[in-house]
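Asks: Before I ask anything, here is the structure I am working with.
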Amino acid sequence: MQNRAGYVFLADCPTRLAVEIVSNKWAVLVLHGLSKKPRRHGELIDLIGGVSRKVLTQTLRRLQDYGLVERHAATPRKIEYRLSDLGRTLIDPIEGLTTWARDHGDAIIDFRERAQTGTAD
């Protein structure tokens, strides 16, 4: 029987898969972008600053492979992406991370700037 604290350190632990998914900045942004409503590829491009079409396509495919995003084609030219039921389970944790970033992001930036100038405590 595994010690609960040690379980997350095992190579085949599902926690590693979760961390792999959320450590991709584009994946988290795509999931968050789909949290309110289904969107087309171009809508996601407009919504998510800095992502290229190619990277967005790769990210959407990877999220589909994980079962987090579904691709729906009303017509061949009208394809939209939406969260699956499983994908929706990630929205609360992502919103928690977003709140944390909003609340503490400035402190991290300030620390990094001080560290780079050699004035960090």
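Asks: Restricting attention to segment 44-62, which residues are touching a residue at least 24 places away in the same chain (Cβ under 8 Å) and closer than 19 Å to Ser84 by Cα? Spell out the reasoning first.
Replies: So in segment 44-62, the residues touching a residue at least 24 places away in the same chain (Cβ under 8 Å) come out as 44, 51, 55-56, 59-60, 62.
Correct list: Leu44, Leu56, Thr59, Leu60, Arg62.
Asks: OK, next. Please give the helices (runs of 4 or more DSSP H) falling wholly within segment 1-105 in which 2 or more residues are at pLDDT 95 or above. Lay out the reasoning, then the answer.
Replies: Working: elements: 4-7, 14-22, 25-33, 41-47, 53-65, 85-88.
Per the criteria, 25-33, 41-47, 53-65, 85-88.
Asks: Then there is this: Filter segment 107-121 for residues that are surrounded by 10 or more Cβ atoms within 10 Å (Cβ to Cβ) and of a type outside the set (A, V, I, L, M, F, W, C) and give the result.
Replies: Initially, segment 107-121 is screened for residues surrounded by 10 or more Cβ atoms within 10 Å (Cβ to Cβ), giving 108-115, 120.
Listed by number, the residues that qualify are Asp110, Arg112, Glu113, Arg114.
Asks: Another one. Do you know which residues across segment 52-81 are surrounded by 15 or more Cβ atoms within 10 Å (Cβ to Cβ), within 14 Å of the chain's Cα centre (by Cα) and among the charged types (D, E, K, R)?
Replies: The answer is Arg62, and nothing else.
Asks: Out of Gly105, Gly67, I need the residue that is in contact with a helix residue (DSSP H, G or I) (Cβ under 6 Å, 6 or more places away or on another chain) and not acidic (Asp, Glu). Which one?
Replies: Details: Gly105 fails: in contact with a helix residue (DSSP H, G or I) (Cβ under 6 Å, 6 or more places away or on another chain).
Going through Gly105, Gly67 in turn, just one is in contact with a helix residue (DSSP H, G or I) (Cβ under 6 Å, 6 or more places away or on another chain) and not acidic (Asp, Glu): Gly67.
The values are calculated or read from the model by the stated rules, or taken from the named source; none is laboratory data. Not measured: the values here are computed from a predicted model. FYI the Cβ positions are ideal-geometry reconstructions off the backbone, even for glycines, and counts take in every protein chain you see.
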